[in-house]
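Comments concern the structure below.
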Amino acid sequence: MTAATPRRALLAVALAAAATATVPGGRSSAAGAARGARAGGAATPATVDNRFWYAHAHWLAGSHHGTAAAEGDRPALRIDTPVGRTEYQDPHTGKKTTWEYATWTSPVHRPAVPATEAIASWNARTPAGTWIQVELRPTYTDGATGPWYVMGRWAAGDGDIRRTSVDGQTDGKSTVWTDTLAVDHPQSGLRIRDWQLRLTLHRRPGADGGPLVWLAGAMVSDVPDRFTVPASAPSSGGAHELTVPRYSQETHKGQYPEYDNGGEAWCSPTSSQMIIEYWGGRASAGALAWVDRAYKDPQVCHAARSTYDAAYKGCGNWPFNAAYAATYRGLGGVVTRLGSLADLETLVRAGIPAITSQSFRPEELTGAGYGTAGHLMTVIGFTAAGDVIANDPNSADNAAVRRVYKRAEWETIWLRTKRHNTAGKVVSGSGGICYLYGPARPTPAQIAALRAVGVL
């Protein structure tokens, strides 16, 4: 029923518009990232820092090696003059192909929060015959500089390369676990002090054009070490619910088992598809032509194929889902962390639903009827009492997807970073992971909400 592990979002979305709405440098306010009002009225310390490049001025910065900044409604990084050729042997197909490439290296970013984890995000157009590689290099608080870690090799399709993470990269200080770079021993006090991003754009030799990268960056966080979570106070604004399409992953059980054993494990792409369609994204008939016509909701099958990570062997790679959302015209997405349900209420009241990652035993979430080591849901609203209204894809059919979960229970299973599984073993939790998708030109109210929760 799950497609994500506990260790493993908007806003090319607001980011494009925010470029014209006084967001200098594209850096979020880390101070707001965990600012939710607590029951006692005290603010929690900042634990998250977001930094994304997306504006024309951003792409002019950094170091260009064969790349250039493209202007337009959605500024982008593009190939200008390739700097060389490279042969890539796809580890999942064995196919060797020669590509020409160009690179861009970001300025060094020093976050307001020395971090234990980093998760990259990117939004890009990759026509047939193109793909991108995203790397991140940390510098630690002990002064050492880490290697360039591959955070993803990505293309929207799967005809040229297999979309893949590169698990297990390590320098003895930090390690890449699918989509997350994590400090190995945070209890030692070691942290990521600053970081850079490197993008490598590939195309067929001699081709014109190439990939376009609209947004790239990362969220870093000093993940709290906690089993319990202080409760946030419900908003006084009354009930509020967004009309988000409802899709069940369970109706796809057994379909296309080559993509993470079929629909029973498709919580992440199913949730992604709900919000993509909420914002008006629609898969074309051509994109869905490969899906068996007997299958209901073929766009969910398409989302699973389009987010599948060949190394992870699943559809729960967090940045791959955000990147998939951004393949729809006018949409963008990133992965971030939020600090409380109060943050989610702020977003929902501005019209922004969110996808959240949580893990729990059956008795920890009243009404769920199942337990999970990692599961994605779509938060679409709140009751007058502050309880969570979620589209839970782990439901028997589309009609059963809408659920109401108790606020305190739901907040705990989403925000904690440690828990006990059914065997009594201590295991990890996601610590507030959230995908955020939305339009490239959000409303002023939506920009204000994103700033309020620290994403912008």
For residue 361 and residue 208, extending 7 Å from Cα along the Cα-Cβ vector and measuring point to point gives, in nm, a value of 6.3
In debye to the nearest 20, the charge dipole size for region 48-221, taken about the Cα centre with +1 at each Lys and Arg Cβ and -1 at each Asp and Glu Cβ, equals 160
Taking the dipole of region 48-221 about the Cα centre (Lys, Arg +1; Asp, Glu -1; charges at Cβ), the one of 124, 174, 149 that reaches farthest to the positive side is 124
The size of the Cβ-based charge dipole (Lys, Arg +1; Asp, Glu -1) of the chain about the Cα centre, to the nearest 20 debye, is 340
Expected sort for 272-278, 403-409 on mean C-beta neighbours within 10 Å, highest first, is 272-278, 403-409
Each label sits 7 Å from Cα toward the beta-carbon; between residue 70 and residue 243 the label points are separated, in nm, by 3.6
For the chain, the count of lysine pairs 8 or more apart or interchain whose alpha-carbon atoms are under 27 Å apart comes to 12
Exposure-ranked with fewest Cβ neighbours within 10 Å first, 142, 297 stand as 142, 297
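Give me the number: length gained by fully extending residue 384 to residue 80, i.e. 0.36 nm times residue separation minus the C-alpha to C-alpha distance, one decimal in nm.
Taking 0.36 nm per residue and subtracting the Cα distance, the gain is 104.0 nm.
Take 290, 104 and order them by how many other Cβ atoms sit within 10 Å, fewest up front.
Taking fewest neighbouring Cβ atoms as first place, the list is 290, 104.
Can you tell me the length gained on complete extension of the stretch residue 227 to residue 108, counting 0.36 nm per residue apart and subtracting the Cα distance?
Net length gain for the segment: 39.5 nm.
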Summed over the other residues with a beta carbon less than 11 angstrom from that of residue 197, with K and R at +1 and D and E at -1, the charge totals +2
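Ordered by packing density, taken as the mean number of other Cβ atoms within 10 Å over each peptide's residues, highest first, how do 390-398, 156-164, 60-68 rank?
390-398, 156-164, 60-68
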Using alpha-carbon positions, the gyration tensor of region 190-330 gives root eigenvalues a ≥ b ≥ c; with a/c under 1.5 called rounded, otherwise prolate if a/b exceeds b/c, else oblate, the class is oblate
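Using r as the Cβ-Cβ distance of residue 87 and residue 175, and R0 as 30 Å, what FRET efficiency do you calculate, to the nearest 0.05?
Result of the calculation: an efficiency of 0.65.
Is the shape of region 48-221 best called rounded, prolate or oblate, per the rule: a/c under 1.5 gives rounded, else a/b larger than b/c gives prolate, else oblate, with a ≥ b ≥ c the square roots of the Cα gyration tensor eigenvalues? Write out the running numbers ahead of the final one.
Working: a/c = 2.20, a/b = 1.43, b/c = 1.54.
The shape class here is oblate.
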Region 201-221 scanned against label point 7 Å out from residue 187 along Cα→C-beta; backbone N under 11 Å for none
Per-residue Cβ contact counts at 10 Å, fewest first, order 259, 435 as 259, 435
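No lab work stands behind these numbers, since they all come straight from the coordinates. Bear in mind the structure is a predicted one, so any value in this text is a computation, not a measurement. We place every Cβ from the backbone using ideal geometry, glycine too, and count neighbours over all the protein chains shown.
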